[in-house]
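K.L.:
The following block contains the structure, expressed as structure tokens.
FYI, it's all coordinate maths here, none of it is from the lab. Worth saying up front: this structure is predicted, and the values here are computed from it rather than measured. Cβ sites come from the backbone with ideal geometry, for glycine too, and all protein chains shown count toward neighbours.
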Amino acid sequence: MEFVLIAIAILVVALLTGISLLVGRGRRTTRLDDDAAAGTTLTRPRPVPPADTAPAPPTPSGATASGLGLPPETVEIPPAEPEPGLVFDTPLPSAGRLVRLRSRLARSQSSLGRGLLTVLAREKLTEDDWEEVEETLLAADIGIAATTQIVDRLRTQSMVLATASGTELRELLVDQLTAVLGPDLDRTLGTDRREGRPGVVLVVGVNGAGKTTTVGKIARVLVGDGKSVILGAADTFRAAAADQLETWGERVGVLTVRGREGGDPAAVAFEAVRTGIEAEADTVVIDTAGRLHTKSGLMDELGKVKRVVEKQSPVTEVLLVLDATTGQNGVVQARVFTEAVDVTGVVLTKLDGTAKGGIVVSVQRELGIPVKLIGLGEGPDDLAPFEARAFAEAIVG
Ligand SMILES: Nc1nc2c(ncn2[C@@H]2O[C@H](COP(=O)(O)OP(=O)(O)OP(=O)(O)O)[C@@H](O)[C@H]2O)c(=O)[nH]1
Ligand SMILES: [Mg+2]
């Protein structure tokens, strides 16, 4: 009997020990999972250790990458702190830039403004004169619909025009141009934090349109306006592209998240946004590789970049960068890019190098997407928010 009691006691003790061991292991596993999900040890920007002791660059956590069906990618996060002694640029504020840069539209001025004013100033306007007005507007790439609207309205005002002084004539013309430039369109850039997450700006376009330059200039505008910014170099096509972006960022003390050459651009974009969320940045701006709108594989890749970013944070602005010197082809490009990533705003670059400032009108009219920014030179602060009236004033001269 005693033997049976001892055996039962041993059995009970063994059972209790087994249960406590199982419960303990369960708890540890949960904690580890929690840490992994938070990703606290992997993504925080930190200074790079000396080269001989440098560990492998951090990669997105396994849970995150596999959850998205992404291949494991190498994403480099450079030091959070600037090198000692480095002095950052102080970018010019964005307000009033278009007025400051208006002389850059000189080529547009000479063909459009002066041409039109010379004709309109004639004493009695003949059919030939009106045709000349029409041709001048079309030559500036304003497009047929807007040209017709301007000419029709000016013709109904021709009695007024006949008696108008040079200044009044100029005002009438500025009014008509402003009207076709969509003065009421919402051109606010979606760069602000939303629902506790950074604003995410995705920048897309064909090769050489000016994307990287524009991302750099936007970073400067945001820094100038007191915002904290993270850049994502999702152009992994060439290492030089990430270097180019990093140089822009370094000048204003902005961190650039980059991947290895040939890596998955979506993984870099994802990591940039994750870094932005952790750093509680105001805005993450993502540069992408130039791609021909006719290559469907590359357009699909762009769609994937956007979708992957949206797994963790909404994309608040998709900017299509168009080179103003490419003329009407820009409208075709815009249509295809919009189908892939739902473009919310256009940046028209190189307006300093073309007489075809009227492309602003065609792009907006034919696509219903507002031009939000214009590039007026290669200088770091040669980017201006688009304002219809100031632009009309500038191109009339
Ligand atoms: N004049 C002028 N040049 C500009 C403007 N914007 C960009 N550029 C120039 O256009 C060239 C191409 O600019 P990038 O920013 O490298 O163009 P990208 O679209 O990033 O090119 P890829 O990455 O190769 O597709 C550079 O020489 C820029 O300096 C502008 O508004 N005016
Ligand atoms: Mg580029």
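K.L.:
Measure out, as a whole number of angstrom, how far apart the alpha-carbon centroids of the stretch 344-397 and the stretch 107-164 sit.
P.N.:
If you average the Cα positions of each part, the centres end up 21 Å apart.
K.L.:
Moving on to the next point. Set the Förster radius R0 to 22 Å, insert the Cβ-Cβ distance between Ala145 and Leu117 as r into 1/(1 + (r/R0)^6), and round the FRET efficiency to 0.05.
P.N.:
E between Ala145 and Leu117, to the nearest 0.05, is 0.45.
K.L.:
Ranked from highest to lowest mean number of other Cβ atoms within 10 Å per residue, what is the order of the peptides 268-281, 380-393?
P.N.:
Put in order of decreasing packing, that is 268-281, 380-393.
K.L.:
Sort Arg193, Arg155 so the one with the fewest other Cβ atoms within 10 Å of its own Cβ comes first. If you can, show how the numbers build up before the last one.
P.N.:
Working: Arg193 17, Arg155 13.
Fewest-to-most ranking of Arg193, Arg155: Arg155, Arg193.
K.L.:
How far apart, in nm, are two points set 7 Å out from the Cα along the Cα-to-Cβ line at Asn207 and at Glu131?
P.N.:
Simple spin-label model gives 4.3 nm for this pair.
K.L.:
What ratio of Cα Rg to 2.2 N^0.38 Å holds for the stretch 242-397?
P.N.:
Against the compact-globule rule of thumb, the ratio is 1.10.
K.L.:
Using the structure shown, list the pairs from Lys295/Lys356; Lys211/Lys372; Lys211/Lys306; Lys217/Lys350; Lys211/Lys350; Lys350/Lys372 with a Cα-Cα distance above 19 Å, or answer none.
P.N.:
Lys295/Lys356
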